[in-house]
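The values are calculated or read from the model by the stated rules, or taken from the named source; none is laboratory data. Computed from a prediction, not measured in an experiment: that's the story for all the values here. Here the Cβ positions follow ideal geometry from the backbone for every residue, glycine too, while neighbour counts run over all protein chains shown.
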């Protein structure tokens, strides 16, 4: 009887471990098998989030806001293809986690998704998550063009907001009057304006 109880207990534990390592969720029209180290997050129809260290979300409703900020704050950027999915990867240092945070934007079907994780490399786990979703309906070129347009929209929205607050021209003239402003590229100037504005 005791051997039977031990065998039963071991079976339950093994089944529990198998379940813990195979947690599949659905976001929009894509299935994701979440690695065990990212289990325990909160799932909605359009996202899965585990604290500030990992998240997946469908960003079809607002690509510009989803990608715009990280495109501006990036330390590094690369475009890659993972198993038929065009992917844009950004990473930047984040003081709250005292390390790098990565954002990968990729196409699956006719939707755009974002995966966020700690680190600066596209890990094997992240590649598997992307690889196992349906292939993109968009070509690489069309997808990257969509992202670039979204980033431009984000920039225009922020300039418009600053103009509404009568701040953009003031900050621009102030930065231009500084001696170290000579030959500063437009995007760098825009980033400085945003940084100055939002840290006031």
*asked:* Can you go through 113, 105 and tell me which one is free of Cβ contacts under 8 Å to residues at least 60 places away in the same chain and under 15 Å from residue 47 (Cβ atoms)?
replied: 105
*Return a yes/no flag: does region 74-83 have any residue that is under 24 Å from residue 148 (Cβ atoms) and in contact (Cβ under 8 Å) with a residue 60 or more places away in the chain.*
yes
_Filter result (within 17 Å of residue 115 (Cα to Cα) and without any contact (Cβ under 8 Å) to a residue 24 or more places away in the chain) within region 84-98_ = 90, 92, 93, 94
*Out of all the residues in region 121-137, which are surrounded by 16 or more Cβ atoms within 10 Å (Cβ to Cβ) and either in a helix (DSSP H, G or I) or in contact with a helix residue (DSSP H, G or I) (Cβ under 7 Å, 6 or more places away or on another chain) (or both)?*
125, 126, 127, 129, 130, 136
*Is it the case that region 147-162 has a residue that's modelled with pLDDT under 95 and at positive phi?*
no
